[in-house]
Amino acid sequence: MYLSRHRSLRRPARTLVLLAAGTLLAAGCAKAGTAGTATGSSDGDGAKAAAPVKVGLVYSRTGPLAAYGKQYLEGFKAGLEYATKGTGAVDGHPIEIAEQDDTGDPAKAVSEAKDLIGKGYKILAGSTASGVALQLAPIAAQNKVLFISGPAAADQVTGINDYTFRSGRQSYQDTLTAASFIGDAKGRKVTVLAQDSAFGQANVAAVKQVLGGEGARVDAVLAPPSATDLTPFAKQAKAAKPDLLYVAWAGETAPALWQSLNQQGVFSATKVVTGLDVAASYPLFGAAGEKISFLNHYFGGAAGTEVEKAMTASLEKAGAKADLFSPDGFTAAQMVVHAVEETKGQVADTDALVKALEGWSFDGVKGRLTIRAEDHALLQPMFQVRLTGNGAAAKPSVEKVLGPDEVAPPVAKAAG
């Protein structure tokens, strides 16, 4: 899933400044270390303009998870528009966004995060990849910076420290949704097919904890993230003869995986459960798509909420469409705006930002969301989904909505 640790020349950050209507922000009005303070530049009439609130987005603009990063960014922009009622500002403080491309490489992400922190950024968000999130979280704690992880699903992100939150779902919620398909797991054999990465290992651990705890025998087939010939791993999965094959996969090799599984006759040999990926992947399942039981974090139109309608309208206005990780960006923006509102733009007090988010319940794209105070897990609905039709005609539909309590992960004790 992740690129090698070879360091390339870092590209300069792209900066997006979202301003309140009629407000002009002069370049250089906020010095490093003063983001979100009460002071600002003169507006020309002698009055003080509110200082901008700087938010750094460290995400995969390129690399294996670039499609996920694109959805996250589009969702974030839509969420910022929604949460600020189109002004791009909170209590007069313009929200200033700096984008950093981590390419999915944790080492590069750490470098980018440190650079932003050195420039005075007190709020970081993003993390398309789990390996990135697990490296950025300790940096946030060491520097007392608010960090809101995005699509990264590794369970270890929840409760890792007091300064880390998440705006997406986690592997345990996926696993509980998968478990809802098989009923009594006692005596059943479950095989997890995944990449040997932070994301894949988190899924194996979650399946062992959830289904293994209910009496299932759990084993795993793990493929190197760099593998492109996936036939050997499809063969291993079939040879394991599981009652349930749980596939946890992400990234650009997914089409090759499904092709290999189909060629090896896995779909007719066992029950296959997997997460429904981005819309572009729907045609790749072919006729086998109707044989798969899909757990789902989100697809466009899944929720039917007023917030979802607002997000969809904003995305379409920008030439984009709602997809798997659009809500992760949208929710992150809601969280940023709420924290800044509660602190009246005084983001230098990071502990106050944390306090503002802990225990907060709000209406999100998927429905009612709650940030659990004890460990910052994001409690949210999940979906059982059916895919019908082949090729371009393949369309998802919700079979069942699982409430936040049904898929709530166990409380993780915060490390500090």
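The values are calculated or read from the model by the stated rules, or taken from the named source; none is laboratory data. What you see is a predicted model, and the numbers here were worked out from it, not measured in a lab. Cβ: placed from backbone, ideal geometry, glycine included. Neighbour counts: every protein chain shown.
Summary table
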quantity: Failed item in (1) assigned to a loop (DSSP other than H, G, I, E, B); (2) charged (D, E, K, R); (3) surrounded by 24 or more Cβ atoms within 10 Å (Cβ to Cβ), with ASP162 passing the rest; calculated: (3)
quantity: So GLY63, is it surrounded by fewer than 21 Cβ atoms within 10 Å (Cβ to Cβ) and either among the small types (Gly, Ala, Ser) or in contact with an Asp or Glu (Cβ under 7 Å, 6 or more places away or on another chain) (or both); calculated: no
quantity: Filter pass, MET311 being closer than 30 Å to VAL247 by Cα, surrounded by 17 or more Cβ atoms within 10 Å (Cβ to Cβ) and touching a residue at least 40 places away in the same chain (Cβ under 8 Å); calculated: yes
quantity: Residue that is nearest to ALA412 (Cα to Cα), among those in the range 165-192 that are in a loop (DSSP other than H, G, I, E, B) and of a type in the set (S, T, N, Q); calculated: GLN170
quantity: Unmet requirement for ALA113, which otherwise passes all of (1) in contact (Cβ under 8 Å) with a residue 60 or more places away in the chain; (2) farther than 20 Å from GLN195 by Cβ; calculated: (1)
quantity: Residue match in the range 32-50 (condition: of a type in the set (A, V, I, L, M), at pLDDT 95 or above and touching a strand residue (DSSP E or B) at 6+ places or on another chain (Cβ under 8 Å)); calculated: no
quantity: Test: residue in the range 314-334 that is farther than 29 Å from ALA356 by Cβ, out of contact with any Phe, Trp or Tyr (no Cβ under 8 Å at 6 or more places or on another chain), without any contact (Cβ under 8 Å) to a residue 24 or more places away in the chain and assigned by TED's automatic domain parsing to the domain that holds GLU252; calculated: no
quantity: Selection from the range 83-116 of residues that are within 28 Å of GLN142 (Cα to Cα) and among the basic types (Lys, Arg); calculated: LYS108, LYS114
quantity: Single residue of PRO404, PRO409 found to be assigned to a loop (DSSP other than H, G, I, E, B), surrounded by 21 or more Cβ atoms within 10 Å (Cβ to Cβ), of a type outside the set (Ser, Thr, Tyr) and under 20 Å from the mean Cα position of the chain (by Cα); calculated: PRO409
quantity: Neighbours by Cβ (under 6 Å, 6+ apart or cross-chain): first from the range 389-402, modelled with pLDDT of 95 or more; second charged (D, E, K, R) and assigned to a strand (DSSP E or B); calculated: SER397/ARG386; GLU399/ARG386
